[in-house]
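One structure below.
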Amino acid sequence: MYKIPLFDLNFDKEEEKAIIKTLKSKWISTGPKCQEFENLFCSALGIKNALTTSSCTAALHLAMLLLNIKPKDEVIVPSLTFAATVNVVKYVGATPVFADVKNYYDLTIDPVDIEKKITNKTKAIIPMHYAGFPADMDRIMDIAKRYDLKVVEDASHAPLSEYKGKKLGTIGDIGTFSFFSNKNISTGEGGMLVTNQDNYYKYAKLLRSHGMTTMSFDRARGHATKYDITNLGYNYRMDDIRATIGIVQLNKLYADLLKRQMVRKWYIEKLCNIDSIIIPFNKNKGFVSNYIFPVILKDSNEQNRNKVRSQMHNKGIQTSIHYPAVHQFSIYKNEITKLMVTDYVVNNEITLPMYAKLAYKDVCYIAKTLINILNEK
């Protein structure tokens, strides 16, 4: 058991009360709570359409289908991400093309490398807003416009994060969000697809539930008595129990992010003058979700990073790595890819604890422990 865990759920009696109320309603599959969650999400992001899904992976897969990505097509993706961002490209038979991140201070996909990787087979770009910090969406959208490409924002780290006054996930053609148990909004499993395009929304809603023209909730309310199946769809629905949790979590989110903002400020105050580490995004002044707090060891290697993590764990501090490089996984190793910045980051990044309940004394202890370990090297 760690003295300071990597993450802590922002749960209290509000979630319990809401779940009990939903259970008593006798409707627990996709229904009114999913609709309420979707409507609240639209309002929070200022976007026309939101669709609950069983996971962010499902939302990303639907995005590939909506954009008609096919075998022999190429989609430009980061490697510094969770594997789902890339795997969904393979789901539709297309080829993921890996682009590097910008630099050690900005771990989002590099627009310069994106443009270098474009071929006549390229159909889309998936920027992932790492740690909740925005990718360079102006340049990415300019590239997309010039080359007639679609953009799917993987905003799984970034609910309510902003880029020049716009909410992340609302800038590209489609945005996707994750509600996995360790995300800013936690429902256990779950995701959301958002878009301003009505045709994408309608098609996604059809594909989300087996290609059925009506759902159980519609028929239960007497809005339909039968259904047709017009497309080969999937079971990518969220249930009302998870949506109920999501509603409570979304209503708490802004206050939670303000607290995370303070935790990040404390970390930077304690670590900014340490020559042996880099703090990515340390100059960013925008409003972001602060999903994680990564640091990168300078002049280091994977073995040294692992030793530092082990010593942190011995002191009761849980850490993690975000992420192993996707292009180095066995399934993708046949594709020869050199990503100089990404390769260094994945071997030398350490994710420190980040959540709203972290106290100032906890941050001081984490920072002091890390500094002492580094000074011993």
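A few notes on this one:
- The selection criterion, being hydroxyl-bearing (Ser, Thr, Tyr), under 30 Å from MET1 (Cβ atoms) and modelled with pLDDT of 95 or more, does not hold for TYR344.
- Per-region count, the range 310-335, residues surrounded by fewer than 20 Cβ atoms within 10 Å (Cβ to Cβ) and in a helix (DSSP H, G or I): 8
- Any pair with Cβ under 7 angstrom, 6 or more apart, that starts in the range 111-131 at a residue that is without any contact (Cβ under 8 Å) to a residue 60 or more places away in the chain and ends at one that is part of a helix (DSSP H, G or I) and charged (D, E, K, R): PRO111/ARG139
- Scanning the range 280-310 for residues that are hydroxyl-bearing (Ser, Thr, Tyr) and under 17 Å from the mean Cα position of the chain (by Cα), we see that the one that is farthest from SER320 (Cα to Cα) is SER289.
- Meets criteria (assigned to a helix (DSSP H, G or I), within 28 Å of ALA158 (Cβ to Cβ) and at pLDDT 95 or above) for TYR291: no
- Residue selected from the range 357-377 under the condition in contact with an Asp or Glu (Cβ under 9 Å, 6 or more places away or on another chain) and not in a helix (DSSP H, G or I), by the criterion farthest from TYR267 (Cα to Cα): LYS357
- In the range 341-356, the residues that are part of a loop (DSSP other than H, G, I, E, B) and in contact with a Ser or Thr (Cβ under 8 Å, 6 or more places away or on another chain): PRO353
- Condition broken by LYS202, with the remaining ones in (1) touching a residue at least 12 places away in the same chain (Cβ under 8 Å); (2) out of contact with any helix residue (DSSP H, G or I) (no Cβ under 6 Å at 6 or more places or on another chain); (3) of a type outside the set (Ser, Thr, Tyr); (4) farther than 20 Å from TYR323 by Cβ satisfied: (1)
- Exactly one residue among LYS307, LYS338, LYS283 is surrounded by fewer than 17 Cβ atoms within 10 Å (Cβ to Cβ), modelled with pLDDT of 95 or more and either out of contact with any Lys or Arg (no Cβ under 8 Å at 6 or more places or on another chain) or in a loop (DSSP other than H, G, I, E, B) (or both), and that residue is LYS307.
- So LEU6, is it outside the structural domain of ALA359 (by TED's automatic domain parsing), closer than 29 Å to VAL295 by Cα, buried (at least 21 other Cβ atoms within 10 Å of the Cβ) and of a type in the set (A, V, I, L, M, F, W, C): no
The values are calculated or read from the model by the stated rules, or taken from the named source; none is laboratory data. Computed from a prediction, not measured in an experiment: that's the story for all the values here. Methodologically, a virtual Cβ is constructed for each residue, glycine included, from the backbone with ideal geometry; neighbour enumeration extends over all protein chains shown.
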